[in-house]
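Below is one structure; the comments refer to it alone.
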Amino acid sequence: MNQAPGFYRYKIGDITLTAVHDGFARRPIEGLVRNAEFADVKKAMEQAFLPPDALNITFTTMVIENGGKLTLIDTGNGDSGAPTSGNFLANFKAAGFDPKNVSTVIFSHFHGDHINGFRLKDGTAVFPNAEAMVPAAEWAFWMDDAKMSAAPEAMKGAFAGVRRVFGPIAKDVKQFEPGKEILPGITPIAAYGHTPGHTAFAIASGSGKLMVVSDITNHPALFVRNPDWSAVFDMDGAQAAATRRKILDMASAERMQLAFYHAPFPATGHIGKSGNGFELVPVQWTPAI
Ligand SMILES: [Zn+2]
């Protein structure tokens, strides 16, 4: 850790949110967007003052303190990701938290950058007292043996990773459906397409409201700006694009604050309309505590 701790604390009503940075993974731009010309993607990178050849994809998890309970949404890469990732635990502790005090870990979807921080490679449970809550549609897809054997070779590792993380606690994992509050102030919203059960979360307390939108976009400079572009990570590109437009439209109309997983830290802001797409307007840094 050669920089200041990567956490950012803010309030939504009585709920305290802490964005915790897990680091980044570098990924070439070529081949990143399925349905756009490489030259157009490079241009979008240049317009956002980003290097045109490779993108540093950042990871920002969400910690929720409400009514004396400590809840996480997603866990970062743990010790299974790029060497430039896996900083969640250090930053989480620097923010004053103890993994033993986490009572619930909610997962948005089962890609490795979101689940691997739950269990180290040697099998250690990182949050020994936490219950795991997962989208039922996500569980049904990734835990289906027939889907795993039918999957292309390149995807088999992702299936194996899901089993590595959840296998030892499979019978205790709590599955949820979208649309109904699962913990006080936390309501899952179906945001399918990125993965079959990909989920966003409405956070509400008093008049305070925010939506944790998980991976409805990868980097906003590309996919908020160009919501119809499909990242290679979107398992159903058309469905993901429809979900993205719907949520960004809603956020723009309702002037709702969003929290992303792959936006520049602290990965939260509002959505304005811009041309045929949108723009992420970061919040002003006003720490609550
Ligand atoms: Zn992701």
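Taken together, the values in this text are just the output of simple stated rules run on the coordinates, not laboratory data. Keep in mind the model is a prediction, meaning the values are calculated, not measured. FYI the Cβ positions are ideal-geometry reconstructions off the backbone, even for glycines, and counts take in every protein chain you see.
The amide H of G208, built 1.01 Å from its N in the peptide plane, has G13 as neighbours under 5 Å, considering only residues 5 or more places off or on other chains. Working from Cα pairs under 8 Å separated by at least six residues, relative contact order for the range 147-205 is 19 percent.
When the Cα atoms of the range 80-208 are aligned to their principal axes, the ranges along those axes come out at 46, 34, 28 Å in descending order. In terms of its Cα atoms, the chain spans 48, 48, 41 Å along the principal axes, sorted from long to short. Ordering T71, T60 by the number of other Cβ atoms within 10 Å of each residue's own Cβ, fewest first, gives T71, T60.
Note on the range 1-158: Cα Rg divided by 2.2 N^0.38 Å, N the number of residues, gives 1.17.
For the range 1-113, averaging the sequence separation of C-alpha pairs within contact (under 8 Å, six or more residues apart) and dividing by the residue count gives a relative contact order of 29 percent. Think of the range 172-288 as having a plus end and a minus end, set by charges on the Cβ of Lys, Arg, Asp and Glu; of G208, F176, F233, G208 sits farthest toward the positive end of this dipole. Based on Cα contacts under 8 Å between residues 6+ apart, the range 7-282 shows a relative contact order of 17 percent.
Residue by residue, the range 215-220 carries 3J(HN,Hα) couplings of 9, 5, 9, 8, 4, x Hz when phi is fed to the Karplus relation 6.51 cos²θ - 1.76 cosθ + 1.60 (θ = phi - 60°); x denotes Gly or Pro.
Can you flag which of K11/K43; K11/K93; K147/K209 are past 30 Å Cα-Cα? From the list (K11/K43; K11/K93; K147/K209), the Cα-Cα distance tops 30 Å for K11/K43; K147/K209. Ellipticity at 222 nm from helices only: DSSP H runs of n ≥ 4 in the chain, each -39500 (n - 2.57), divided by the residue count, give -7000 deg cm²/dmol.
Centre-to-centre, using Cα atoms only, the range 155-192 and the range 234-250 are separated by 20 Å. Maximal additional length on extending the K42-K156 stretch stands at 38.0 nm, based on 0.36 nm per residue less the C-alpha distance. The length gained on full extension between A202 and N129, counted as 0.36 nm times the residue separation minus their Cα-Cα distance, comes to 23.8 nm.
With a Förster radius of 51 Å applied to the C-beta separation of V173 and D53, the computed FRET efficiency comes to 0.80.
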